[in-house]
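The values are calculated or read from the model by the stated rules, or taken from the named source; none is laboratory data. Everything numeric here is computed off the predicted structure, so don't read it as measured data. Here Cβ is always computed from backbone atoms with ideal geometry, including for glycine, and neighbour counts include all displayed protein chains.
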Amino acid sequence: MEYHQLDIDDKVITVGLAITGSFCTFEKILKVIERLKEYNMKVIPIFSDHAQSMDTRFGKASDFCQKVEELTEAKGIYTIPEAEPIGPKSFLDALVIAPCTGNTLAKLATGITDTTVLMAAKAHLRNEKPLILSISTNDALSMNFKNIGLLMNMKHIFFVPFGQDNYEKKHNSMIACVDVIPDTIIEAMHGRQIQPVIRNYC
């Protein structure tokens with residue numbers, strides 16, 4: 001299927017991009033931001049504690065946050081108090097958690113709100129607008145399998161299509177096909193889950 005038209009009066013769509021600590025996917029996330037802008041979407045970055053503070057072999061956290069803010073041309077949301085107004089002010093049309101780690105999946109499924117990203121998700125769902133999850137977790141087919149199922153059945157929550165990224169060496173690992181994040185947002189804003197959800201890893 002091809003998904004290219006938003007047809008919501010051609011308005012600029014404001015998308016929250018909540019980034020958690022699956023550091024190996026960060027380079028792909030920068031490319032996702034560029035694509036979202038091509039779709040005439042305004043992107044507001046939201047950083048988890050780990051994404052904003054942990055330096056890894058993939059780079060320095062401060063450098064990554066700076067790159068994201070430069071690409072989005074928007075000040076990032078870094079704290080729980082900064083994320084809470086997403087609810088009452090209702091300034092996001094959609095919220096994407098990308099990457100969405102297994103830790104964030106599990107907490108979201110059980111209603112825990114103890115991070116900036118989880119507060120953003122809770123506040124956004126209050127407005128009954130789409131929350132889109134772009135998973136990246138080594139335990140998708142083990143400890144987090146039940147949480148994926150729970151979230152699949154919740155109103156206003158949608159998934160970026162995902163697949164096994166290394167089924168020979170990491171049997172339980174699944175990662176979202178981030179290239180289709182823009183199309184997933186478009187479908188979610190129409191109240192539809194993009195299909196197919198489970199794919200050969202892209």
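Overview of results
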| read-out | value |
| --- | --- |
| Failed criterion for Tyr201 (all others in (1) modelled with pLDDT of 95 or more; (2) not in a strand (DSSP E or B) hold) | (1) |
| Of residues in the range 108-129 being hydrophobic (A, V, I, L, M, F, W, C) and surrounded by fewer than 24 Cβ atoms within 10 Å (Cβ to Cβ), the one nearest to Gly21 (Cα to Cα) | Leu118 |
| Any hit, the range 136-143, residues being aliphatic (A, V, I, L, M) and closer than 27 Å to Asn40 by Cβ | no |
| Lys42 free of Cβ contacts under 8 Å to residues at least 12 places away in the same chain and more than 14 Å from the chain's Cα centre (by Cα) | no |
| Any hit, the range 61-70, residues being in contact with a helix residue (DSSP H, G or I) (Cβ under 6 Å, 6 or more places away or on another chain), farther than 20 Å from Ser22 by Cβ and modelled with pLDDT of 95 or more | no |
| Helices (runs of 4 or more DSSP H) (entirely within the range 52-118) containing at least 2 residues that are in contact (Cβ under 8 Å) with a residue 40 or more places away in the chain | 61-72, 86-89, 102-109 |
| Filter result (hydrophobic (A, V, I, L, M, F, W, C) and either modelled with pLDDT under 95 or within 19 Å of Pro45 (Cβ to Cβ) (or both)) within the range 109-124 | Val117, Leu118, Met119, Ala120, Ala121, Ala123 |
| Subset tally (residues that are among the aliphatic types (A, V, I, L, M) and out of contact with any Asp or Glu (no Cβ under 9 Å at 6 or more places or on another chain)) for the range 39-74 | 5 |
| Test: Ser142 is in a strand (DSSP E or B) and either among the hydroxyl-bearing types (Ser, Thr, Tyr) or farther than 23 Å from Lys107 by Cβ (or both) | no |
| Subset of the range 155-185 (residues that are part of a loop (DSSP other than H, G, I, E, B) and either under 16 Å from the mean Cα position of the chain (by Cα) or aromatic (Phe, Trp, Tyr) (or both)) | His156, Val160, Pro161, Tyr167, Cys177 |
| Residue in the range 81-94 that is under 19 Å from Asp179 (Cβ atoms) and modelled with pLDDT of 95 or more present | yes |
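Per-residue answers, yes or no, for (1) among the aliphatic types (A, V, I, L, M); (2) surrounded by fewer than 23 Cβ atoms within 10 Å (Cβ to Cβ); (3) within 19 Å of Asn172 (Cα to Cα):
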{"position": "Pro88", "(1), (2), (3)": "no, yes, no"}
{"position": "Thr101", "(1), (2), (3)": "no, no, yes"}
{"position": "Ala106", "(1), (2), (3)": "yes, yes, yes"}
{"position": "Leu131", "(1), (2), (3)": "yes, no, no"}
{"position": "Lys146", "(1), (2), (3)": "no, yes, yes"}
{"position": "Leu150", "(1), (2), (3)": "yes, yes, yes"}
{"position": "Ile157", "(1), (2), (3)": "yes, yes, no"}
{"position": "Val160", "(1), (2), (3)": "yes, no, yes"}
